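Asker: The structure that follows is given in the form of structure tokens.
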Amino acid sequence: MNREKFLSLNKLPSWESTGSVAEVKENVQLPYPSLAPVVFFWLHQSTRPRSWCLALVSTWFERVSMLVILLNCVTLGMFQPCQDLECHSDRCSILQAFDDFIFAFFAVEMVVKMLALGIFGPKCYLGDTWNRLDLFIVMAGMLEYSLDGHNVSFSAIRTVRVLRPLRAINRVPSMRILVTLLLDTLPMLGNVLLLCFFVFFIFGIVGVQLWAGLLRNRCFFDKSVSEYYRLDETYDVPFICSTTRDNGMLHCFNIPKRRVGGADCELTADNVTDLVFKGPPHHGCVNWNLYYNKCNASEHNPHNGAINFDNIGYAWIAIFQVITLEGWVDIMYYVMDAHSFYNFIYFIFLIIVSAQNSKMYCC
């Protein structure tokens, strides 16, 4: 009688697909038949300390681990990096003590699971993707503690702490199923992402060809190459003008009159005399805004240089802000002021196309 007929008749489960009949019978008597019989070459399931680790993992250890993860979420939310740079306050010291305890617990949990499950293999510790994430988080914490006091910046390493709450996914089976389902559907969104890239690329090229450098236009003072008009002395709302070759909505002659004391300044630089200043105050000020009459390109773009169509990269940033519907009207007005009133067609069409693309993504 061969091995297959023996297994079918006796219905004995086996941990591996190959092995002798004696091994199959031995696996039936194991406390955990689905796990590896031997790990680290000598630790059987009934051998201490592996038997202790298996008992911990199979009982209340996962519930305690979940509570520690929730505690870690609370401590991460209470941490204030701007105020706790040197960590001299009592509050920061308490949070640091909790963080040390949480790291120690995660490290002990990793060691316990490695002893219980083994390291390499289909049913072992590193055979699970979420366990590999736990290993990465613990190793990053060890690196942080090992480099402490060596005058090394930990900002990049400490960001790994944000991944600690993801350990809860491995503890809640229903959440793990949902996350796995979402990750499995990501390859199906390849065509949608390709369409998004196509929309960004086409609209970006059109924006660069039409408006490259136009959002730098400012009204410069007569015979000056550095001083230009600023609306209300701020740069948050720039006055973008249209040159003579474009058909924009704003020109330098649209600059409002200078106001002093709540009244408009009516004088020009040519008719200022000593007798003028004897009159009322609003008659004795010069409308210097009249001399911001040259629309040329400056060195600055709106919003500290973030919004422009000077190249394809910045065009993609502007397009992304438009399709988010957050502040897109300001970008449209900037372009209409500098180039043409009919540029609104570009933005309306972009929003319609992006909305349809979003529907495809949701469906």
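Asker: Which value in nm describes the separation of the simple spin-label points at HIS251 and GLN209, placed 7 Å from the Cα toward the beta carbon?
Answerer: Each label point is offset 7 Å from its Cα along the Cβ direction, giving 2.8 nm.
Asker: Another question about this same structure. In Å², what does the accessible area per residue of the stretch 38-171 work out to with a 1.4 Å probe?
Answerer: Values: 7790 Å² over 134 residues.
Accessible area per residue, the stretch 38-171: 58 Å².
Asker: Rank these residues by their accessible area, most exposed first, probe 1.4 Å: PHE221, PHE41. Kindly include the intermediate steps, with their values, before the conclusion.
Answerer: Working: PHE221 50, PHE41 205 Å².
My answer, sorted largest first, is PHE41, PHE221.
Asker: Search the structure for amide H atoms under 5 Å from the amide H of VAL260, placed 1.01 Å from N in the peptide plane, and list their residues when 5 or more places away or on another chain.
Answerer: HN-HN under 5 Å from VAL260: CYS265.
Asker: Next question. Output the Cα-based Rg and Dmax of the stretch 38-171 in Å, rounding Rg to one decimal and Dmax to a whole number.
Answerer: Cα radius of gyration and Dmax of the stretch 38-171 are 16.6, 51 Å respectively.
Asker: Of the listed peptides 179-187, 251-259, what is their order by residue-averaged count of other C-beta atoms within 10 Å, with the highest listed first?
Answerer: Values: 179-187: 10.0, 251-259: 14.9.
Descending packing order for the listed peptides: 251-259, 179-187.
Asker: Could I ask something else about it? In nm, give the distance between the simple-model label positions of ILE348 and ASN304, each being 7 Å from the Cα along the Cα-to-Cβ direction.
Answerer: 3.4 nm
Asker: Still on this structure: Taking amide H positions as placed in the peptide plane 1.01 Å from N, state which residues far from CYS219 in sequence (5 or more) or on other chains have amide H under 5 Å from it.
Answerer: Distant-sequence amide H within range of CYS219: TYR229, CYS241.
Asker: Along Cα→Cβ, 7 Å out, is where each label goes; now give me the distance between the ones at VAL108 and GLU266 in nm to one decimal.
Answerer: According to this spin-label approximation, the distance is 8.6 nm.
Asker: For LEU250, list long-range residues whose amide hydrogen, built 1.01 Å from N in the peptide plane, is under 5 Å from its own amide hydrogen.
Answerer: Residues meeting the criterion, in which the H sits 1.01 Å from N, are SER242.
Asker: For the pair PHE198 and LYS123, what calculated FRET efficiency results from E = 1/(1 + (r/R0)^6), where r is the Cβ-Cβ distance and R0 = 35 Å, to the nearest 0.05? Walk me through the numbers before you get to the answer.
Answerer: Details: r = 44 Å, r/R0 = 1.27.
Efficiency, rounded to the nearest 0.05: 0.20.
Asker: Quick one: with all protein chains in place, what share of the accessible area of the stretch 153-214 is carbon or sulfur, to the nearest percent (1.4 Å probe)? Show your work: numbers first, answer last.
Answerer: Values: 3010 of 3890 Å².
Taking all protein chains in place, the stretch 153-214 shows 78 percent carbon and sulfur surface.
Asker: Something else about it: Using r as the Cβ-Cβ distance of VAL329 and LEU183, and R0 as 45 Å, what FRET efficiency do you calculate, to the nearest 0.05? Walk me through the intermediate numbers first.
Answerer: Details: r = 37 Å, r/R0 = 0.82.
Calculated transfer efficiency: 0.75.
Asker: Please list 190-203, 316-329 highest first by mean number of surrounding beta-carbon atoms within 10 Å per residue.
Answerer: Answer by packing, highest mean first, reads 316-329, 190-203.
The values are calculated or read from the model by the stated rules, or taken from the named source; none is laboratory data. Everything quoted here is computed from the prediction, not taken from an experiment. Note that each Cβ is placed from the backbone with ideal geometry, even for glycine, and that neighbours are counted across all protein chains shown. When the accessible area is computed, the model is the full protein with side chains, heavy atoms only, and any ligands, DNA or RNA have been set aside. Shrake-Rupley method; radii C 1.70, N 1.55, O 1.52, S 1.80 Å.
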